[in-house]
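Shown next, in structure tokens, is the structure this report addresses.
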Amino acid sequence: MLTKLQLKLVEQVRQQNPVVLTIANMVTPDKVADGLSAIGASPIMSIAPQESLEMVELANAITINLGTIDDKQKDEVIAVLKANHNQKPIVLDPVAIGASHYRLAFAKQLLHNYQFTVIRGNAGEIAALANINWHSRGIDSGNGQADLHKIANTVAREYHCIVVLTGQTDIITDGNNTFINQLSTSYFVTNVGSGDVLSSVIAAYLGVSKDYYTAACTATTVFTATGVKAARESSGFGQWQVKFRDELASIKSSEVLSVL
Amino acid sequence: MLTKLQLKLVEQVRQQNPVVLTIANMVTPDKVADGLSAIGASPIMSIAPQESLEMVELANAITINLGTIDDKQKDEVIAVLKANHNQKPIVLDPVAIGASHYRLAFAKQLLHNYQFTVIRGNAGEIAALANINWHSRGIDSGNGQADLHKIANTVAREYHCIVVLTGQTDIITDGNNTFINQLSTSYFVTNVGSGDVLSSVIAAYLGVSKDYYTAACTATTVFTATGVKAARESSGFGQWQVKFRDELASIKSSEVLSVL
Amino acid sequence: MLTKLQLKLVEQVRQQNPVVLTIANMVTPDKVADGLSAIGASPIMSIAPQESLEMVELANAITINLGTIDDKQKDEVIAVLKANHNQKPIVLDPVAIGASHYRLAFAKQLLHNYQFTVIRGNAGEIAALANINWHSRGIDSGNGQADLHKIANTVAREYHCIVVLTGQTDIITDGNNTFINQLSTSYFVTNVGSGDVLSSVIAAYLGVSKDYYTAACTATTVFTATGVKAARESSGFGQWQVKFRDELASIKSSEVLSVL
């Protein structure tokens with residue numbers, strides 16, 4: 001697995017301080033911004049389509065989060081995607097699209113009309129994109145019988161992008177290569193917005209590396225390793241949240257190695 | 001008092017993982033989501049009326065929070081209430097309606113047109129619903145001379161629902177029975193959104209029990225007992241917030257008993 | 001420096017519990033509300049123009065934060081400013097106006113048409129108001145060659161208000177007097193929304209004192225001293241956030257003195 005990782009990216013993000021534009025949901029923007037800031041990236045958010053061009057110019061990478069999408073934010077999302085003339089890397093986080101046809105239709109519309117670099121979602125969300133029947137429960141991944149590797153692969157090939165399917169096991173694939181990450185802690189599930197933060201953290205890594213697939217694998221591994229390290233050093237959900245933020249800001253590539 | 005409690009609900013929420021749809025304000029949605037997730041419920045939020053039907057279908061209980069209501073969110077609230085064909089339990093949190101005629105008029109419009117299961121508010125908010133003059137100060141409860149028991153009772157009878165009037169003493173009444181909870185810590189006042197979180201926690205308990213009155217009494221007691229336990233184990237506002245989240249996620253019914 | 005401070009304001013805010021109306025951005029409203037509540041002020045937020053008159057009546061001071069301004073919120077901002085017949089003190093926080101012509105134009109429109117008491121921003125934001133070229137990076141201050149004292153002074157004189165230019169060194173000026181605050185910790189930079197919280201904290205101090213210049217100097221000094229004290233007592237970003245909230249709620253004027 002380690003061959004797919006470039007752990008020096010941990011330090012490169014801190015040195016290069018990439019600007020990540022996140023079109024955020026209204027539930028967890030503060031967690032996403034603090035998470036980006038903790039790893040050494042620079043968060044920026046906006047809800048006005050009039051700012052899209054300048055915001056995209058400023059950004060090294062972009063995240064589109066559908067967690068509380070509505071008609072107004074759809075305009076903002078499309079303005080951002082149209083402004084991305086220089087094809088800066090974009091992560092799509094299709095939050096809870098399995099629970100809402102409105103969200104699912106918009107996610108598919110976006111994927112058909114714009115090129116994304118990474119789609120980051122849980123099993124229920126990626127299954128929805130693959131038109132697989134899934135017992136989804138809102139923001140939870142729910143459960144289903146399908147082969148997750150196959151689902152991730154189908155979606156990656158369909159939309160010519162990298163799929164990061166997260167859960168107890170993370171499956172990362174570009175349709176040809178597959179990377180498996182087994183690091184996990186149940187605190188990620190309790191902590192609302194873990195996925196939102198990861199999506200923007202992946203964007204930060206894409207912002208400092210041309211090898212997007214390796215960057216996505218590394219970002220996901222480092223993020224989960226940080227969560228596991230925090231879990232070992234804390235007891236209780238609140239304490240873990242604190243320790244996780246401590247570690248996001250301070251973890252070194254050598255420490256990631258010791259968790260692996 | 002203990003006869004009105006069903007402390008095994010603490011564990012039932014964790015086992016049944018009820019989905020709570022919260023139409024949230026824009027200040028504390030992350031605290032509400034994390035609070036629900038910590039107690040073992042599954043939070044979902046949405047701001048698009050187009051999703052109302054599916055969101056309500058998915059939900060085991062609903063919270064309507066008026067904390068930053070505007071014309072756009074009014075449409076969303078009404079769409080959710082209209083979609084509730086199966087009469088899933090609904091909690092109304094009339095945040096700061098004593099401070100704004102716009103909010104108060106909308107709260108009364110809702111209460112006249114839709115059946116709520118629980119209204120959860122502080123003294124100033126419940127007094128406003130009872131048309132009692134009250135010196136309200138925004139989100140704070142303010143102070144007044146009226147008999148809080150009488151006010152809670154009046155509102156419960158008027159709207160045929162359970163009233164949870166929270167403060168240093170919590171008064172819970174369905175218009176016939178009254179339950180008093182004296183557990184309290186000043187950290188709840190300092191922590192913005194304590195009431196918002198409690199309203200959605202009550203909804204989670206309503207989502208796993210048919211006896212709504214007992215569920216509301218139990219949810220309020222467990223929530224405040226958790227806050228008191230956290231206060232005993234911490235010093236300082238920030239530390240209490242952390243410990244409170246630890247305890248929300250881990251407290252057992254036997255531990256609640258030891259706080260009582 | 002101490003001659004420009006009135007450290008008893010620390011206790012006066014707790015005693016008088018000023019109501020601060022914040023027209024907030026959608027990223028950090030919870031941090032702002034908790035910060036205000038921690039220092040003993042009472043936060044209130046609203047997004048409906050219909051509430052402006054009552055909200056302003058209720059408030060002792062107002063903060064206008066442009067962090068995620070859009071056309072809808074512009075209406076709300078202007079409704080609040082028009083409702084301020086009694087000239088309650090107002091803080092403008094021109095978040096990231098160096099990164100967006102849309103924000104910059106609105107900030108200038110506001111400053112030309114309404115009298116603000118304080119403008120609180122970082123170097124890039126204040127430079128943008130002074131029409132100085134600056135390498136801005138979103139919410140970060142960026143860097144430039146200009147003399148920060150001169151920039152702050154220019155803006156203060158142009159708009160007849162107090163400028164609080166924050167950074168590693170804080171420069172506070174009313175165009176005639178200048179106050180320098182050297183207290184600083186890098187955690188303020190990592191913690192997204194530090195500036196948002198400070199702007200509303202300054203408003204709280206303005207709400208309990210007629211000497212606005214001294215109140216702004218004192219609020220900024222106390223806030224940064226609190227951050228420095230928290231940094232000495234913690235290690236790691238998450239722990240600092242917790243300790244900072246502890247200290248905001250408990251720091252005494254005598255403890256501020258010992259940090260100075």
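The values are calculated or read from the model by the stated rules, or taken from the named source; none is laboratory data. Just so it is clear, the structure is predicted and the values come from calculations on it, not from any experiment. Don't worry about glycine lacking a Cβ; one is built from the backbone with ideal geometry, like all the others, and counts go over all protein chains shown. Ligands, DNA and RNA are stripped out before the accessible areas are found, and what is left, the full protein with its side chains, is counted by its heavy atoms. Shrake-Rupley method; radii C 1.70, N 1.55, O 1.52, S 1.80 Å.
Some notes on this structure:
- Take the accessible area of chain A alone and of chain B alone, subtract that of the pair, and you get about 2300 Å² summed over both chains, using a 1.4 Å probe.
- All distinct Cα pairs of the protein assembly as shown go into the 1/r average, and the inverse of that average, the Kirkwood radius, is 26.3 Å.
- Cα shape, the range B:1-64, gyration tensor, a/c 1.5 rule: prolate
- Scalar couplings 3J(HN,Hα) for the range A:116-125, obtained by applying the Karplus form with A = 6.51, B = -1.76, C = 1.60 to θ = phi - 60°, are 9, 8, 9, 10, 10, x, 7, 4, x, 6 Hz; x denotes Gly and Pro.
- Summary for C:GLN182: label point 7 Å along Cα→Cβ; distances to the equivalent points in the other copies, ascending, 5.5, 5.5 nm.
- Residues whose amide H comes within less than 5 Å of that of B:SER42, counting only those at least five positions distant or on another chain, are B:VAL19, B:VAL20 (H built at 1.01 Å from N in the peptide plane).
- Using heavy atoms of the protein chains and a probe of 1.4 Å, the accessible area assigned to A:TRP134 is about 40 Å².
- Heavy atoms of C:PHE106 accessible to a 1.4 Å probe, total area in Å² rounded to 10: 0 Å²
- In this calculation the C-beta distance from C:ASN131 to C:SER253 is compared with R0 = 45 Å, giving a FRET efficiency of 0.70.
- Charge dipole (the range A:2-259, unit charges on Cβ, about Cα centre) - positive-most of A:TRP240, A:VAL192, A:LEU148: A:LEU148
- For A:ILE119, the residues 5 or more places off, or on other chains, whose built amide H falls under 5 Å of its own are A:LEU92, A:ILE162, A:VAL163, A:VAL164.
- Counting only the Cα atoms, the range A:3-133 fills a convex hull of 119 Å³ per residue.
- Inter-label distance, nm, simple model (7 Å from Cα along the C-beta direction), A:ASP211/A:LEU148: 2.5 nm
- Once the trypsin sites (Lys or Arg not before Pro) in DSSP loops with at most 16 neighbouring Cβ atoms within 10 Å are cut out of chain C, the longest remaining piece is C:9-209.
- Per-residue ³J(HN,Hα) for the range C:243-260, Karplus 6.51 cos²θ - 1.76 cosθ + 1.60, θ = phi - 60°, Hz, x for Gly and Pro: 5, 4, 5, 3, 6, 3, 7, 10, 4, 9, 4, 5, 6, 4, 4, 6, 7, 4
- Total charge dipole magnitude, chain B, about the Cα centre, Cβ charges on Lys, Arg, Asp, Glu only, Debye to nearest 20: 420 debye
- Cβ-vector label at 7 Å, B:GLU233, separations to other copies in nm: 2.1, 2.1
- When you work out D = kT/(6 pi eta Rh) for the range A:86-126 at 20 °C and 1.002 mPa s, using the Kirkwood radius from C-alpha pairs as Rh and the Stokes-Einstein form, the result is 202 µm²/s.
- Estimated dipole of the range C:196-260 in Debye, rounded to 20 [Cβ of Lys and Arg +1, of Asp and Glu -1, Cα centre]: 60 debye
- In the protein assembly as shown, the DSSP beta bridges split such that about 30 percent are antiparallel, to the nearest 5.
- Computed over the alpha-carbon pairs of the range B:2-259, the distance histogram in 10 Å steps reads 8, 34, 39, 18, 1 percent, short to long.
- Minimum 20 Å² accessible area buried by the other protein chains, the range A:16-32 residues, probe 1.4 Å, relative to alone: A:ASN17, A:VAL19, A:MET26, A:VAL27, A:PRO29, A:ASP30, A:LYS31
- Each copy carries a label point for A:LYS82 at 7 Å from Cα toward Cβ; from one copy, the others' points are 3.0, 3.0 nm away, ordered from shortest.
- Against the rule of thumb 2.2 N^0.38 Å, how large the Cα Rg of the range A:115-260 comes out: 1.02
- Across the range B:2-259, Cα pairs under 8 Å and at least six residues apart give a relative contact order of 21 percent.
- Calculated from backbone phi, Karplus (6.51, -1.76, 1.60) coupling profile of the range C:94-108 in Hz, x at Gly/Pro: x, 3, 6, 5, x, 9, 8, 5, 4, 5, 4, 4, 5, 4, 5
- Solvent-accessible area per residue in the protein assembly as shown equals 35 Å², computed with a 1.4 angstrom probe and all protein chains kept.
- DSSP finds beta bridges in chain C, and of those with both partners inside it, around 30 percent are antiparallel.
- Taking the Cα centre of the protein assembly as shown as reference, the dipole from Cβ charges on Lys and Arg (+1) and Asp and Glu (-1) amounts to some 680 debye.
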